[in-house]
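Down below is the structure, laid out as structure tokens.
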Amino acid sequence: MKKTLVLFAHPYFEHSTTNVRLLECYENMPNVTFRDLYEDYPDFHIQPFRERKRIVEYERIIFHFPIIWFGLPPLLKLWIDEVFDMRWISEGQQNILSGKDAIIITSVGGSEGNYTREGKYKTTAESLLTGLQVSLDINNIELKKTHIIYNADNLDEKQLDVFCAELAAILKLE
């Protein structure tokens, strides 16, 4: 299994039964390092140099977060703004992210039907992730999988068990 860094960002984590449960799935996983950005940076003062040094050590980055008001949680967006360096993608510069891969695990409160062109929000959950997907692509990070969990506010224990099993299977990819 690849050495994996989980970057978790949830501004209302204490209210998310789904994500509380899903994070338990990372426990005791070999080669997985879990980081909660809201715990690490409660003041939103990200240390880009330290973060850049850290991510070099990993082969895979998992971005785990809820979609908040149709976008990334503010601290995750700031982390990307501060840590990803445009000089890495300039000609002649070595991009330390090249060759890594990524997985996006996200949750939304609405049903899958709401996230369709014909649904309540008239867009898909995947289309709300376009900015992150482009950021990964331009840094030569291969997005291996996007896993969207719908109805995150209304899942029962059996459904959460299924999602934990799926998360464990995702972590075993390559």
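Classify region 29-112 as rounded, prolate or oblate from the Cα gyration tensor: take a ≥ b ≥ c as the square roots of its eigenvalues, call it rounded if a/c is under 1.5, otherwise prolate when a/b beats b/c and oblate if not. In terms of gyration-tensor shape, prolate.
The ratio of the alpha-carbon radius of gyration of the chain to the globular-protein estimate 2.2 N^0.38 Å is 1.02.
Leaving out ligands, DNA and RNA, and with a 1.4 Å probe, what % of the accessible surface on the chain is carbon or sulfur? Intermediate values should be presented prior to the final figure.
Values: 4610 of 9200 Å².
Answer for the chain: carbon and sulfur cover 50 percent of the accessible area.
What is the Cα centroid distance between region 106-172 and region 1-27, reported in whole angstrom? Region 106-172 and region 1-27 have Cα centres separated by 14 Å. When you restrict to C-alpha pairs under 8 Å that are six or more residues apart and normalise by the size of region 91-149, the relative contact order lands at 52 percent. In region 64-168, Cα pairs under 8 Å separated by at least six residues give a relative contact order of 32 percent. Placing a label point 7 Å from the Cα of Lys2 along the Cα-to-Cβ direction, the residues of region 38-76 with a backbone N closer than 16 Å are 55-64.
Springs join every pair of Cα atoms under 10 Å in this Gaussian network model of the chain, and among Ile80, Ile61, Ile104 the largest mean-square fluctuation is at Ile80.
R0 = 45 Å: FRET efficiency of Thr124 with Ala168, Cβ-based, nearest 0.05?
Efficiency, from the Cβ-Cβ distance: 0.95.
What does the charge count near Pro73 come to, summing +1 for each Lys or Arg and -1 for each Asp or Glu among other residues with Cβ under 15 Å from its Cβ? Please list the in-between numbers first.
Numbers: positive: Arg35, Lys77; negative: Glu14, Asp36, Glu39, Asp40, Asp81, Glu82.
Every neighbour counted, the sum reads -4.
Roughly how tilted is helix 157-171, in degrees to the nearest 10 and between 0 and 90, from the longest Cα axis of the chain? Roughly 20 degrees, rounded to the nearest 10.
Highest mean packing first, where packing is the average number of other Cβ atoms within 10 Å per residue, the peptides 23-32, 63-72 line up as 63-72, 23-32. Taking region 92-174 as the region of interest, the number of lysine pairs whose Cα atoms are within less than 16 Å, with members eight or more places apart or on different chains, is 5.
Per residue, what accessible area does the chain have, given a 1.4 Å probe and all protein chains present, in Å²?
Heavy-atom SASA per residue in the chain reads 53 Å².
The values are calculated or read from the model by the stated rules, or taken from the named source; none is laboratory data. Remember, it's a predicted structure, so these values are computed and weren't measured experimentally. We place every Cβ from the backbone using ideal geometry, glycine too, and count neighbours over all the protein chains shown. What goes into the accessible areas is simple: the full protein's heavy atoms, side chains included, and nothing from ligands, DNA or RNA. Shrake-Rupley method; radii C 1.70, N 1.55, O 1.52, S 1.80 Å.
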